[in-house]
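Just so you know, all these numbers are worked out from the coordinates, no wet-lab data involved. Quick caveat: nothing in here was measured; it's all calculated off a predicted structure. Glycine also receives a Cβ, built like all others from the backbone with ideal geometry; neighbour counts cover every protein chain displayed.
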């Protein structure tokens, strides 16, 4: 149950922040927050995370991205179901990934694109703009990676 609450919290926070951006910042406009480093912007990303495939003219792009999202959600959902009585870093990570994937899937199903608004940069060097859902997915993936690396180091230290 706690896993679903985490996923739901990520989904709701993602939806609220995207709605605030859509209603308060004109498309392709930006509001400086920390000049020279961070601004809020309003961009629409028809591609995958970090604007991958955004320039692809293929009409099947959105269908493919939705299918990948649904497949990923099925796998994450199954993993959470199998660990439903466990609450640790791995299940928290999976819940973050689930909430983020649901947030971006919602955008794709309703608009065919995802709203991105967090824009970090130094001078002309920009990290690709992203959103709360992307952040939750990346944090969840990093938690899983660190957990796996920690287990590997523990195995090596114990001589297994």
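Side notes on the structure shown:
- Contact order for the chain, expressed relative to its length and based on alpha carbon pairs under 8 Å spaced 6+ residues apart, stands at 31 percent.
- Take the Kirkwood radius over Cα pairs of region 66-151, plug it into Stokes-Einstein at 37 °C and 0.692 mPa s, and you get 234 µm²/s for translational diffusion.
- Acute angle (nearest 10 degrees) that the helix 89-111 long axis makes with the longest principal axis of the chain, alpha-carbon atoms: 30
- Annotation: peptides 23-34, 69-80, ranked by per-residue average of other Cβ atoms within 10 Å with the highest first, follow the order 69-80, 23-34.
- Euclidean distance between Cα centres, region 96-136 to region 6-22, Å: 11
- Tilt relative to the chain, helix 132-158 - C-alpha long axis, 0 to 90 degrees, to 10: 30
- Highest mean packing comes first when the peptides 82-92, 114-124 are listed by Cβ atoms within 10 Å, giving 114-124, 82-92.
- The chain - convex hull of alpha carbons, volume per residue in Å³: 150
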